[in-house]
Amino acid sequence: MSSLTAMSTTQTKTILIVEDDPMMQAGLLQILKHQPNLTVTAQAFDGNEGVNAALQHKPDIALMDIDLPGIDGIEATQQINAALPHTRILMFTHHTNPTKVMAALSSGAHGYCIKGTNPEQLTAAITVVLSGGIYLHPKIASCVLQNLKTPLPDNSELNDVKLTQREMQVLQQVVEGKSNTDIGIFLGLSANTVKGHVQKIINKLKASDRTQAAVKALRLGLF
């Protein structure tokens, strides 16, 4: 008996797959079609399509990649979570970077699964998330726990953070896990200029590196 069968024998759950790789889409469909209580109600190949499909079909759960054309999976998750709070979202990505992980979870995702996971683990993750739980792949669980051990900043610390508009723009890209080169291309700046902004951000947030700065920004509620 599959994990989804064990979870419910009467109610079929609907799932939206948001993944830009056609071969990965096909592989996921192959796995999910063997789950009798789970129906793939829609597929999307970029972030904008994912949001529109979610609004149209109102799935019970969305399986969401991060690297997508158009808006990325983190932004798509934020939009879906805001419009459809009852839709559960499981990130399904190759990223294990702490910044990406924390950004995804802070965007409203209810679980984080790594690509390459075997079918049994994937269906178990879906079961946990559909049941109202939070699923963290073992590869990233320790990183999340480590970041949660950091004391939560108080309101006075938030008031002490004075970032310029440009620094906020750069910080948002850092939170999304972008490199200095990618940030420079996005904002029309040189990589060295971005590097200078990142260092100022790290200093102002009293962080040890860019990853800690990104996590601190998320915990301060800057985004």
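What the table shows:
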item	result
Percent carbon-and-sulfur accessible area, the chain, ignoring ligands, DNA and RNA, probe 1.4 Å	53
Total lysine pairs under 15 Å (Cα atoms) in the chain, excluding pairs fewer than 8 apart on one chain	17
Global geometry of the stretch 1-135, whether rounded, prolate or oblate, following the gyration tensor of its Cα atoms and the 1.5 cut on a/c	rounded
Using alpha-carbon coordinates, inclination of helix 47-57 to the longest axis of the chain, degrees	40
Rounded, prolate or oblate (a/c below 1.5 giving rounded, otherwise prolate when a/b exceeds b/c) for the stretch 16-69 by Cα gyration tensor	oblate
Helix-only CD estimate at 222 nm, as mean residue ellipticity for the chain, using -39500 (n - 2.57) per DSSP H run (n ≥ 4)	-16000 deg cm²/dmol
Three-way shape label, the stretch 59-133, alpha-carbon gyration tensor, a/c 1.5	oblate
Gain in span if fully extended, LEU187 to LYS139, counting 0.36 nm per residue against the direct Cα distance	14.0 nm
Net charge of neighbours whose Cβ lies under 10 Å from the Cβ of THR164, counting Lys and Arg as +1 and Asp and Glu as -1	+3
In nm, spacing of pseudo-spin labels at GLN11 and ASN48 (7 Å Cα→C-beta vector)	3.5
Per residue, in Å², the accessible surface of the stretch 1-124 once ligands and nucleic acids are set aside, probe 1.4 Å	42
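The values are calculated or read from the model by the stated rules, or taken from the named source; none is laboratory data. Since the structure is predicted, the reported quantities are computational estimates derived from the model, not experimental observations. So basically every Cβ, Gly included, is an ideal-geometry build from the backbone, and we count neighbours across all protein chains shown. The accessibility values were calculated without ligands, DNA or RNA, using every heavy atom of the protein model including side chains. Shrake-Rupley method; radii C 1.70, N 1.55, O 1.52, S 1.80 Å.
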